[in-house]
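Participant: Got a structure here, written out as structure tokens. Questions coming.
Values quoted throughout were computed directly from the atomic coordinates according to the rules given, and no laboratory measurement underlies them. Worth saying up front: this structure is predicted, and the values here are computed from it rather than measured. Here Cβ is always computed from backbone atoms with ideal geometry, including for glycine, and neighbour counts include all displayed protein chains.
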Amino acid sequence: MPVPFIGRLNPIEYIALVGSFCLVGLEAIIRILTLALPTSLLSLFYAASRRLFNRLTSLESKQAEEKQKSISTSVRNASDFVDLCATFGYYAEEHVVQTKDGYLLGVHRLAWRKGEEDLKVNSGPQSLKKKVIYMHHGLLMNSEVWVCLTDAQRCLPFVLVEQGYDVWLGNNRGNKYSKKSVKHSPSSLDFWNFSIDEFAFHDIPDSIAYILESTKQPSLSYIGFSQGTAQSFATLAIHPKLNEQVNVFIALAPAMSPAGLSNGIVDALIKASPQVLFLLFGRRSILASATMWQSILYPPIFVRVIDMGLDFLFGWKAKNISMSQKLAAYPHLYSFTSTKSVVHWFQIIRNQSFQMYDDDVHPPLTTSSKYTKVAKYPTRNIKTPIVLVYGGSDSLVDIKVMLRELPKRTVATEIPPYEHLDFLWATDVDTQVFPHVFDALDNFTDAEHTREEYESYRRARNASLGASASFRHQYRGSDAVDADAATMLSMGQLDNRSDPALAHHAREGFVTPESPSTDTSGTTLTSQAPESGRRVASSLQVETRTPETPDRTGSWTGADGVAEHTTQEPDSSTPSPTRLPDSAKRVYNRRGSAASNLSFDSTKDRKGRSGGIRVGAAKPVGGVVTGGSASNLTGSSDEGSRKRNGR
């Protein structure tokens, strides 16, 4: 039997390994001592850490902290999901799902706007009928991460509830809300013997089945974050029938095959042998001592420790998240999971393959690997429309690798300054991320158009894409779509028959362009910025093109092609029509260019080959769209909005 690590690690990595064991041992000793100490002594440690922090912190920082202390403290001290929702005046239900292998999963439901608590939702013929959304958290998290914000308007579940959705939030086996099984005790090794495979084979499909049965709805929309997206990729890949029950999959900070960790030594160590994590953390729950450190450290110090860890491992600076938000959210960040599930991730990173768990890891010098192959998740078989929204500064996202492994119809949108956790808690998450979620829900959950209507919609939309690709903005904001549509409307190129959704968006999107400087026979149209108070697109220049003529830059492929690359710099200050009632009014811009509103299934080149859609500010990536039955994949953005607002 070969000796582990021989031939894999260099002397420096051996030193790092020994150091890791020493730190883990020291932490174990501290944890044992902490459990034995009386509460009064723990309070003394907490007070000491607070005094130390106050001495090292500037007066300005203290004043800024005091400003947000009230709401931040309320969120930080909330005991559970229901308590967090009650902090903002929302009623939440708790449900329990039993998986086929005996685990009991906690699932939370937010179905009622403020004031609707006494009404029935999706529970019979006389109840309110609402579309269903399922949201799933990331690694080492639980459902609380979605609702532990300091502002209800930046909380995606609350906003979706106010828009009229029936929102459900799931939890993985082993975490705070799912630490029970009918077969195993949480103290046993068998309870923690699970990886991403079990999430995909049981947790996600069984949770979705329970939700659809409870609501009597034929399908739902899936919104995942981080590992929650990987679980959906795996689930949809191995459950073909489930693709009919998920009408759209929106992946925020998607994860599939990360490149690795930012710290070179740790990355090399883990890649050399992922199983070393079993030696460091055992075979039960990983990082179980995190709750201990949280209890003895003053919150600002705990925040600094978390920030340092994120920077050390992933290179994340967390500058888009305010200090008050960190103080509120970081105590809700950690939840239990198995060491095996983390080992599974490092197997994926090591092999650069989104594969199932490898129970029989072969030494590097043997030939056994020639005769065995770990099964990959067949993600290209996914039929559900996929919309990826990823951060340009997220070290865990390799978008090129991801798009190669996903169906061609997949749509990818980049938010350049965003890191991983920004998709949950950034100060401007409501203007940077939410509009992409709304557009995806509008396009794919109201697919009730005939083929003829869809073809007309597609032609107008592709023309809009072609014009949008040639905009030269002094200001690149979220108004590109509206200004383009309004210009087409003013020229008579757009009406209710050609594209009812885009025509309505042009009229109701509060864009009224000035008269063009030349007529339609000219080559350039210059639209001056409207007066203050309207949505603005300054100095837009549109070069008109013959629909079948390819763009010289390669950014547009004609009437039946698509925009390969558009640039986005959203402006959080420009308002758009509010979609919330007076009790929770907020404005959300549709941003990201016309491509984010396009139906993504039927776009092909002249030879019938797949084209591609890429929305964002990164370099273009090849094909993202395949053919298929377009008529049953998309709907009008306007129609979806009208249906929700007309409830």
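Participant: Can you give the FRET efficiency to the nearest 0.05 for residue 305 and residue 70, using r as the Cβ-Cβ distance and R₀ = 22 Å?
Facilitator: Working: r = 24 Å, r/R0 = 1.09.
About 0.35, to the nearest 0.05.
Participant: Sticking with this structure for a sec: How far apart, in nm, are two points set 7 Å out from the Cα along the Cα-to-Cβ line at residue 294 and at residue 404?
Facilitator: Those two pseudo-labels are separated by 3.9 nm.
Participant: Each label point is 7 Å from the Cα along the Cα-to-Cβ direction; what then is the distance between the points at residue 313 and residue 95, in nm?
Facilitator: Each label point lies 7 Å from its Cα, and together they span 3.1 nm.
Participant: Now for a separate question. May I have the extent of the alpha carbons of region 90-210 along their three principal axes, as whole Å values ordered from largest to smallest?
Facilitator: That works out to 46, 36, 21 Å along the principal axes.
Participant: Can I ask one more? Once you place label points 7 Å from the Cα toward the Cβ at residue 351 and residue 287, how far apart are they in nm?
Facilitator: 2.4
Participant: Another question, if that's okay. Using a Förster distance of 45 angstrom, determine the FRET efficiency expected from the C-beta separation of residue 262 and residue 126, and round it to 0.05.
Facilitator: On the way: r = 55 Å, r/R0 = 1.23.
It comes to 0.25.
Participant: Continuing with this model, one more query. For residue 104 and residue 213 in the same chain, what is the full-extension length gain: residue separation times 0.36 nm, less their Cα-Cα distance, in nm? Walk me through the numbers before you get to the answer.
Facilitator: Numbers: separation 109, 0.36 × 109 = 39.24 nm, distance 1.70 nm.
Here the segment from residue 104 to residue 213 would lengthen by 37.5 nm.
Participant: Using the Kirkwood radius over Cα pairs, work out the Stokes-Einstein diffusion coefficient for region 172-220 at 10 °C and 1.306 mPa s, in µm²/s as a whole number.
Facilitator: On the way: Rh = 12.1 Å.
Here the translational diffusion coefficient equals 131 µm²/s.
Participant: Under the 0.36 nm per residue contour assumption, what length would be gained going from the current alpha-carbon distance of residue 40 and residue 375 to full extension?
Facilitator: Working: separation 335, 0.36 × 335 = 120.60 nm, distance 5.33 nm.
Extra length from residue 40 to residue 375 when fully extended: 115.3 nm.
Participant: Between rounded, prolate and oblate, where does region 63-384 land on the alpha carbon gyration tensor, with a ≥ b ≥ c its root eigenvalues, rounded for a/c under 1.5, else prolate if a/b exceeds b/c?
Facilitator: Numbers: a/c = 1.87, a/b = 1.20, b/c = 1.57.
Oblate.
Participant: What number in nm² do you get for region 70-111 if you take the convex hull of its Cα atoms and divide its surface by four?
Facilitator: Details: hull surface 14.1 nm².
Its Cα hull, projected and averaged over all orientations, spans 3.5 nm².
Participant: Can I ask one more? Could you tell me, in Å, what Rg and Dmax come out for the Cα atoms of region 266-370?
Facilitator: According to the Cα coordinates of region 266-370, Rg and Dmax are 16.9, 54 Å.
Participant: I would also like to ask the following. Separation of region 144-197 and region 200-270 by C-alpha centroid, Å?
Facilitator: What the calculation gives is 13 Å, centre to centre.
Participant: For residue 248, enumerate residues with amide H under 5 Å from its amide H, sequence gap 5+ or separate chain, H modeled in the peptide plane.
Facilitator: Here 222 satisfy the definition.
Participant: What is the magnitude of the charge dipole of region 69-147 about its Cα centre, with +1 placed on the Cβ of each Lys and Arg, -1 on the Cβ of each Asp and Glu, and no other charges, expressed in debye to the nearest 20? Walk me through the intermediate numbers first.
Facilitator: Details: 10 positive and 9 negative charges, 72 e Å.
The calculation lands at about 340 debye.
Participant: So, one more: Which order do the peptides 243-254, 162-173, 201-212, 118-129 come out in when sorted by mean C-beta neighbours inside 10 angstrom, highest first? All intermediate terms of the calculation are to be shown ahead of the outcome.
Facilitator: Numbers: 243-254: 24.0, 162-173: 25.6, 201-212: 21.3, 118-129: 12.3.
Listed from highest to lowest mean packing, they are 162-173, 243-254, 201-212, 118-129.
Participant: Now for a different question. Collect residues whose amide H, placed 1.01 Å from N in the peptide plane, falls under 5 Å from the amide H of residue 121; neighbours closer than 5 in sequence don't count.
Facilitator: 128
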